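Written below as structure tokens is the structure these notes are about.
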Amino acid sequence: MSAPIPTILFGAFDRHNFGDLLFPHIAGALLEPEYPVFAGLVERDLRSCSGHQVEALAELAVRWRDHPVNILHAGGELLTCDAWQAAVMTLPPEEALDIILRFDGRPGEALEWAQRRTGMASIAPYTVRRSLFPRARAVAYNAVGGVDLDGWDQAYRDEVLANLRAADAVGVRDTATQAHLHAAGIATALMPDPAVMVAELFGDEIRRRSEEGEILRMRQVFPQGYIAVQFSADFGDDATLFTIAGQLDALVSATGLAIALFRAGAAPWHDDIVCYERVAARMRSPAVRLFTSLDLWDICALISASRGYLGSSLHGRIVAMAFALPRVNVVRTKDGSKQAAFASTWEDVFMPHAVQMEVIAQGMQQALAVDASSLRRKARQLADGYRHAFQAMCDGFFSLGKS
């Protein structure tokens with residue numbers, strides 16, 4: 001009997017970020033790999049927050065250089081994350097600050113440090129060089145994004161495009177990314193983000209979580225219901241937090257719903273709990289609570305049990321889509337954001353896409369007014385569309401499971 005062929009599920013799930021933690025669960029449920037391996041840029045154990053035991057890709061490349069493997073990039077904005085960003089985000093927050101300060105204004109040394117940390121001589125390390133695995137049977141990209149790829153320097157773009165041209169299949173999750181790659185002569189398949197499958201594949205576990213612990217207490221404190229609200233650390237200046245607090249007060253006043261603040265990512269440059277505490281302190285309404293769990297399924301459950309999602313996380317939005325809930329993203333600028341690109345590709349016209357912080361309350365009220373049957377129809381359409389596109393992409397390369 002021949003040895004099993006490893007299937008490497010590769011992505012940014014070596015850090016705490018909501019969407020990235022979801023991707024390997026979804027790919028693992030849909031595929032039937034003979035030997036599944038979860039790989040990132042560094043070795044990390046994120047099982048305490050329902051992530052995975054993640055192996056370092058560079059070490060796998062040494063171990064399996066002379067063996068056949070399958071490689072699936074599991075999803076996310078992988079085409080626009082350089083080595084420096086990637087390496088810093090795999091650090092604990094307290095270590096990240098020291099590294100950022102040490103290499104401030106020294107980009108050459110910063111890149112050298114990042115490449116040493118990851119063990120890879122890449123500037124775009126979340127796109128796998130096929131030469132790392134010379135006997136790879138298949139290399140595929142699953143609904144990846146790169147909305148602002150054309151804004152990167154030539155060397156970075158050249159590396160990304162070369163790795164994509166060497167792949168067997170490339171799926172992208174928005175038309176902006178597709179247009180960039182089409183202009184470079186790379187054929188792609190347009191498909192929804194993998195997270196549209198979360199309710200179908202993991203709904204039972206998520207519903208169970210919503211009936212216990214911190215989420216149950218949230219529902220008991222706010223029987224009228226709540227909006228799940230999140231925003232990243234780049235909204236953390238005083239003026240912005242003051243504006244957000246005022247908009248959330250207006251939303252509470254207009255709807256009677258409470259506000260549940262949560263983090264969608266604890267990795268560096270993601271969400272900062274101090275920002276949430278400062279917003280809650282600035283709000284006049286008492287109908288606000290900070291949700292503290294960083295467990296992947298708890299976050300899904302908080303969203304699924306809410307009356308809608310409001311925030312900067314693209315995957316907060318997509319999980320709300322999967323559970324047929326109202327949703328709206330908040331962005332610094334609408335132009336060039338992955339949130340706006342995804343929404344303009346897949347949302348119906350009557351659902352608000354991405355709004356700026358000054359009109360958060362208005363945008364969320366518009367989303368809450370959307371007919372529930374339309375929300376359910378969109379959730380079903382996206383899940384069916386993803387399953388069909390994933391099967392088509394995997395045909396001939398990977399074995400599909402029965403989920």
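The values are calculated or read from the model by the stated rules, or taken from the named source; none is laboratory data. Because the structure is predicted, anything quoted here is derived from the model rather than measured. Cβ placement follows ideal geometry from the backbone for every residue including glycine, while neighbour counts extend to all protein chains displayed.
Remark: pairs (first residue in segment 352-377, in contact (Cβ under 8 Å) with a residue 40 or more places away in the chain and over 12 Å from R307 (Cβ atoms); second residue outside any helix (DSSP H, G or I) and among the β-branched types (V, I, T); Cβ separation under 7 Å; 6+ apart in sequence or on different chains) = M357/V330; I360/V330; G363/V328; G363/V355.
When you look at T255, is it touching a residue at least 24 places away in the same chain (Cβ under 8 Å), over 24 Å from the mean Cα position of the chain (by Cα) and outside the structural domain of A27 (by TED's automatic domain parsing), yes or no? When the stated conditions are applied, T255 passes them. Across segment 161-174, the number of residues qualifying as under 19 Å from V196 (Cα atoms) and surrounded by fewer than 22 Cβ atoms within 10 Å (Cβ to Cβ) comes to 0.
Has segment 110-129 got at least one residue that is surrounded by fewer than 22 Cβ atoms within 10 Å (Cβ to Cβ), among the hydrophobic types (A, V, I, L, M, F, W, C) and under 23 Å from F398 (Cα atoms)? No: zero hits. As for segment 248-257, it holds no residue that is closer than 20 Å to G316 by Cα and assigned to a strand (DSSP E or B).
Determine which member of the set R317, R278 is over 18 Å from T240 (Cα atoms), of a type in the set (D, E, K, R), assigned by TED's automatic domain parsing to the domain that holds I206 and part of a helix (DSSP H, G or I). First the steps, then the outcome.
Working: R278 fails: over 18 Å from T240 (Cα atoms).
Criteria check complete, one pass: R317.
For F10, the test of being farther than 19 Å from A169 by Cβ and in contact (Cβ under 8 Å) with a residue 12 or more places away in the chain is failed.
If you go through segment 320-368 and pick out every residue that is in a helix (DSSP H, G or I), more than 24 Å from C275 (Cα to Cα), out of contact with any His (no Cβ under 8 Å at 6 or more places or on another chain) and not aromatic (F, W, Y), you end up with 7. Put simply, of Y141, Y126 the only residue that is assigned by TED's automatic domain parsing to the domain that holds G40, part of a loop (DSSP other than H, G, I, E, B), touching a residue at least 12 places away in the same chain (Cβ under 8 Å) and among the aromatic types (F, W, Y) is Y126. If you go through segment 258-295, how many residues are buried (at least 20 other Cβ atoms within 10 Å of the Cβ), over 22 Å from M357 (Cβ atoms) and at pLDDT 95 or above? Qualifying residue count, segment 258-295: 1. Looking only at residues of segment 367-401 that are surrounded by fewer than 18 Cβ atoms within 10 Å (Cβ to Cβ) and charged (D, E, K, R), we find that the one that is modelled with the lowest pLDDT is D395.
Of the helices (runs of 4 or more DSSP H) lying entirely inside segment 175-238, the ones with 2 or more residues being charged (D, E, K, R) and either surrounded by fewer than 22 Cβ atoms within 10 Å (Cβ to Cβ) or in the same structural domain as A301 (by TED's automatic domain parsing) (or both) are found at 198-209, 213-221.
With respect to the numbered conditions (1) within 20 Å of the chain's Cα centre (by Cα); (2) acidic (D, E); (3) buried (at least 16 other Cβ atoms within 10 Å of the Cβ), which one is the sole condition not fulfilled by D249? Going through (1) within 20 Å of the chain's Cα centre (by Cα); (2) acidic (D, E); (3) buried (at least 16 other Cβ atoms within 10 Å of the Cβ) one by one, D249 breaks only (1).
Would you point out the residue of segment 349-358, among those that are surrounded by 16 or more Cβ atoms within 10 Å (Cβ to Cβ) and of a type in the set (A, V, I, L, M), that is farthest from G246 (Cα to Cα)? First the steps, then the outcome.
First pass over segment 349-358, keeping only residues surrounded by 16 or more Cβ atoms within 10 Å (Cβ to Cβ): 351-355, 357.
Next, from what is left, pick out any that are of a type in the set (A, V, I, L, M): 351, 354-355, 357.
On the way: M351: 23, A354: 19, V355: 15, M357: 10 Å.
This residue is M351.
Does G28 satisfy the criteria of being under 24 Å from C394 (Cα atoms), of a type in the set (G, A, S) and modelled with pLDDT of 95 or more? It would help to see each step written out before you state the result.
On the way: under 24 Å from C394 (Cα atoms): yes; of a type in the set (G, A, S): yes; modelled with pLDDT of 95 or more: no.
It is false that G28 is under 24 Å from C394 (Cα atoms), of a type in the set (G, A, S) and modelled with pLDDT of 95 or more.
Among the conditions (1) surrounded by 14 or more Cβ atoms within 10 Å (Cβ to Cβ); (2) out of contact with any Asp or Glu (no Cβ under 7 Å at 6 or more places or on another chain), R44 misses just one, which is (2).
Restricting attention to segment 325-340, does a residue exist that is of a type in the set (K, R), farther than 28 Å from T80 by Cβ and touching a residue at least 60 places away in the same chain (Cβ under 8 Å)? Full working, then the answer.
Within segment 325-340, the first condition is being of a type in the set (K, R), and the residues that meet it are 327, 332, 334, 338.
Now restrict to residues that are farther than 28 Å from T80 by Cβ: none.
Checking segment 325-340: not a single residue is of a type in the set (K, R), farther than 28 Å from T80 by Cβ and touching a residue at least 60 places away in the same chain (Cβ under 8 Å).
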